[in-house]
1. Run lengths n ≥ 4 of DSSP H only: what is the helix-derived mean residue ellipticity at 222 nm for the chain, with -39500 (n - 2.57) per run over all residues, to the nearest 500?
2. So which residue, out of GLY282, GLY59, GLY34, gets the largest mean-square fluctuation from a GNM of the chain using Cα contacts under 10 Å as springs?
3. Arrange the following residues from fewest to most other Cβ atoms within 10 Å of their Cβ: PHE315, PHE73, PHE160.
4. Between segment 249-302 and segment 203-217, how far is it from one alpha carbon centroid to the other, in angstrom?
5. Candidates [x] 1.72; [y] 0.93; [z] 1.04; which is the computed Cα Rg over 2.2 N^0.38 Å?
6. To the nearest Å, what is the center-to-center distance of segment 120-183 and segment 219-244, using C-alpha atoms only?
7. Would you work out the relative contact order for the chain, in percent, from Cα pairs under 8 angstrom that are 6 or more residues apart?
8. What ranking of LEU218, LEU118 emerges when the number of other C-beta atoms within 10 Å of each C-beta is taken as an exposure proxy, fewest first?
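Readers should treat all values here as calculations from the given coordinates under stated rules, not as data from a laboratory. Note that the structure is predicted; figures quoted are calculated from it, not measured. Cβ: placed from backbone, ideal geometry, glycine included. Neighbour counts: every protein chain shown.
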Amino acid sequence: MGYRAIGPLAGAAAPLVRGLLPAAERSLWSERLGDVESGEPADAWIHAASMGEALAVSGLMKELREVAPGARFRLTATTRTGRERLTALGAPSALAPLDTPQAIARFLGRTRPRRAILIETELWPHWLLAARAAELPMAVLSARLSARSLDRYRWLGRSFAGLVSGLGAVLCQTETDRERWIALGAPVERTAAIGNLKNDGLPLPAADRAQARDRLGLDARRPLLALGNVRPGEGVTLASAWRSLPVAVRERWQVVAVPRHTQASAALRREIDAAGVALADGGSASLGAWRWDDRPGVLAGYYRAAEVAVVGGTFGPYGGHNPLEPAACGAAVIAGPHLESQRPAADALMAAGALEIAADEPALAAALRALLDNEDLRRRRAAAALETAATARGATRRAVTRLVEWRWWPA
C-alpha cells in the first residue's frame, strides 16, 4: 500500500521540520514525534481528536473506572485546544503521535497501553498497523462515517479493510454509521449503534439566566441572543438579518457573537463591521452593538445565559456545529441549512419541534423576529430542546456496557 511506503519517509523528515513551525507548535513537536514521558503501563490509551471529542473523555474515564477502579489512562488529542482540555482531567496527556511508523512506535514504547480507544473517526493507517503488530486491542467509540469518508477509505484497498476488520469494537453513533463501518470491513459481531458520547458532555442549563448574564458582565435584565461558532462568510448573513429587525426589537435584546476559531476573528470582525454592526470587546454592549468574544471555551457560558441561540457553521458549507449544545442549555435554537455533520442531532431536534432551519438571510430574519418577539414560542421551543437533549444522553454508559459484554474491558 502507498501509505506503507510514504509513512517511513514522512517519519524520517518530521524531526527536520521543527525549525520551520510556528512557536506554539514547535514547543510541542516532540510530542508529535511520540516523545512523551514514560510511566506505568496504561490500562487504556484514549485518543480524542479535538476539543469536541475531548469533552467526552471525562465521562468515559468515569464509566470505565466504574468497572475497573484504579484504571490508568493515557490521553492524546490532535489539536492543542483538545490537549489543554485533556490535561485538566489529571491523566498524562499529550498531542497525538504523527501517523508514521517511527512516531507511533516511540509513543507505544513509552506508554505501553493495554488497550486503545479512538473517539469518532481517527483511522490512521500506521496506528492500526502498529496496533496489529503489538497485538494491541483497539476500539472506536462514538464512531461515525460519512458516505464520502467511506469512499475515501475504500480507496486504500483491501489491506486497509483488513486492518479495520481487526478492530475489537466499533460502537457507532447511528445505524447508518454502523452500516457504513461494516461496509468498510468492521466485524459485524463487534459493531453496534449506541449514540454519541459527546452528548453526555452537554452543558446543563443555568438555574437563573439573569444571574448567569450578570456573572458574564452582561445586562441581567435584557434577554440574550447568542451567535455561536461563527465562521467566515457568516458574519454578513447574521448582521444583515439582525439589522432588518425593527429597532424596538433590537433595543430589547443584547447579542454576543463567538467565532469558531480565534485565528478568523479579525477577518470576521471586519466582515460584520462592513455589514453595519458595531462590536464591543467586553461589558454590556451599547444598544445595537454586539459583544464579541473570541476566547476559547467561553461559548457554553453564553449558551447557558441565552434565551435564543443561532448555531454557526451552518450558513456556509462547513457541515455545521452541534445544535444540541444550546438546546441542552434551554435556548430556543435556530440553524442554517448546512448540518451535514450534525444530522442525527438536527433530526432529533426537528422531530421535537425544537429547531428552526433558516435557509437564507431573509428566513433567518423571520425566524429571529418570531422568537425575539414571542415569549410563549421561545418557552415552548426551549422546553422541547431540553427534553431532546436529555434523551440524547447515556451513550457513554451504553458503550462501556457493550465493551464489558464483549469482554473487551477491563484490560
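1. -12500 deg cm²/dmol
2. Result for the chain, Cα springs under 10 Å: GLY282 fluctuates most.
3. PHE160, PHE73, PHE315
4. 18
5. Checked against the structure: label [z].
6. Here the answer is 39 Å between Cα centres.
7. Relative contact order here is 13 percent.
8. Going from sparsest to densest Cβ surroundings: LEU218, LEU118.
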